[in-house]
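The values are calculated or read from the model by the stated rules, or taken from the named source; none is laboratory data. These numbers were taken from a predicted model, which means no experiment stands behind them. Cβ atoms come from the backbone with ideal geometry, glycine included; neighbour counts cover every protein chain shown.
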Amino acid sequence: MMKRRSLVVGLLAAPAIANAQAGYPNRAIRVIVPFAAGGGTDVSARIWAARLSESIGQPVVIDNRGGSGGNIGAEAFIRSPADGYTILLTSNGPLTVNRYLYRDMNYDPLRDLMPIGLVFRIEQLLVVNPAVPARNVQELIALAKARPGVLNYGSGGTGSSLHLAGELFKLRAGVNLTHVPYRGGGPAMADLIAGNIQAMFDSMPSSLPQIRAGTVRGLAMCGARRHPLTPDLPTMEEAGVPNYVAGTWIAIFAPVGTPPAIAARFGEISRNALAEPGLKEALARVGADAESSTPEELHAIMVRETAVWGEVVREAGISAG
């Protein structure tokens, strides 16, 4: 009897779901990016948003809400109407790390966000100001050991994926670098170029133009393999830092309570766009690799990495207060 009733309900709901999908979207969609403009996530998000806007015939507007390692933007998003016209696009830091860093965090990513899917992955790399007398990773390690705590590195905020990449480097290389957090990768890169900080673990989209312009020097990739855009840069493993791999994945979410048909429709729009060679190539040019997933796969990734990064945070003694 229960199965029959469920079948009847499903048949009755089918037209409503189809109508919701057919009518969506019919106005602008706001995408909250919880980081400052100019960082790697923001650069890639704007490329993705521009293609989505073309495909649906509606504006897809990036709304940067930086601060507190992504918490400010995420909390603003959670208070948004659950109608499919506000989407969160964020990296793995606020999703899997912040719960270990912020005692007053007002949301639970595993409970308060509706997963839609992955959109891309971004490679990370170690860059330094050209005035730093280190042409490779081993020279930087030697310099850091000769001057413990004097060299500093910037990141997009305490507990961000770029901060964790730096802490992992300190642990694996046995060096003491001073972390300088910023309200996003863009401001950190500006200070690196100005020489106010010496190094940075950054994303490809924001670092690659600066490497090409000569305003920063790339030393090594943080991922498991070299990147085709920077074939001369070794991986950390190749550079002599054992057991080191760090990277960033980016995903999209709807507010909890969003009609499933609407969330599914936005996911379909994003996946179709990411499958297009033109968008893949545009993202690849700035160092981002298009990648999609189901909501279930994204949730499983969040659960797994939440446990992994919890161990890293505890071992490094990181705290955001």
Count of residues meeting criterion [surrounded by 24 or more Cβ atoms within 10 Å (Cβ to Cβ) and among the aliphatic types (A, V, I, L, M)] in the range 145-163 = 1
task = Select from the range 22-52 the residues that are under 21 Å from the mean Cα position of the chain (by Cα) and free of Cβ contacts under 8 Å to residues at least 12 places away in the same chain and list them in ascending order.
result = Ala50
query = Can you find a residue in the range 246-259 that is surrounded by fewer than 20 Cβ atoms within 10 Å (Cβ to Cβ) and free of Cβ contacts under 8 Å to residues at least 60 places away in the same chain?
reply = no
message = So if I check each of Ala307, Ala320, Ala288, Ala273, which one is closer than 18 Å to Ala246 by Cβ, buried (at least 18 other Cβ atoms within 10 Å of the Cβ) and touching a Ser or Thr at 6+ places or on another chain (Cβ under 9 Å)?
response = Ala288
query = Take the residues of the range 96-117 that are crowded, with 24+ Cβ neighbours inside 10 Å and hydrophobic (A, V, I, L, M, F, W, C): which is farthest from Pro231 (Cα to Cα)?
reply = Leu113
ask   = Quick check, is Phe266 out of contact with any Gly (no Cβ under 8 Å at 6 or more places or on another chain) and among the hydrophobic types (A, V, I, L, M, F, W, C)?
value = no
request  = Please verify whether the range 220-239 includes one or more residues that are touching a residue at least 60 places away in the same chain (Cβ under 8 Å), more than 15 Å from Glu123 (Cα to Cα) and surrounded by fewer than 22 Cβ atoms within 10 Å (Cβ to Cβ).
outcome  = yes
ask   = Taking into account only those residues within the range 230-255 that are in a loop (DSSP other than H, G, I, E, B) and of a type in the set (S, T, N, Q), which is farthest from Val31 (Cα to Cα)?
value = Asn243
message = Of the conditions (1) outside the structural domain of Pro295 (by TED's automatic domain parsing); (2) of a type in the set (Asp, Glu); (3) within 18 Å of Trp309 (Cβ to Cβ), Glu139 satisfies every one except a single condition; which number is it?
response = (3)
remark   = Okay, helices (runs of 4 or more DSSP H) sitting entirely in the range 128-199 with 1 or more residues that are basic (Lys, Arg), I get 137-146, 161-173
inquiry  = I'd like to check something: does the range 105-116 contain any residue that is at pLDDT below 90 and in a loop (DSSP other than H, G, I, E, B)?
reply    = yes
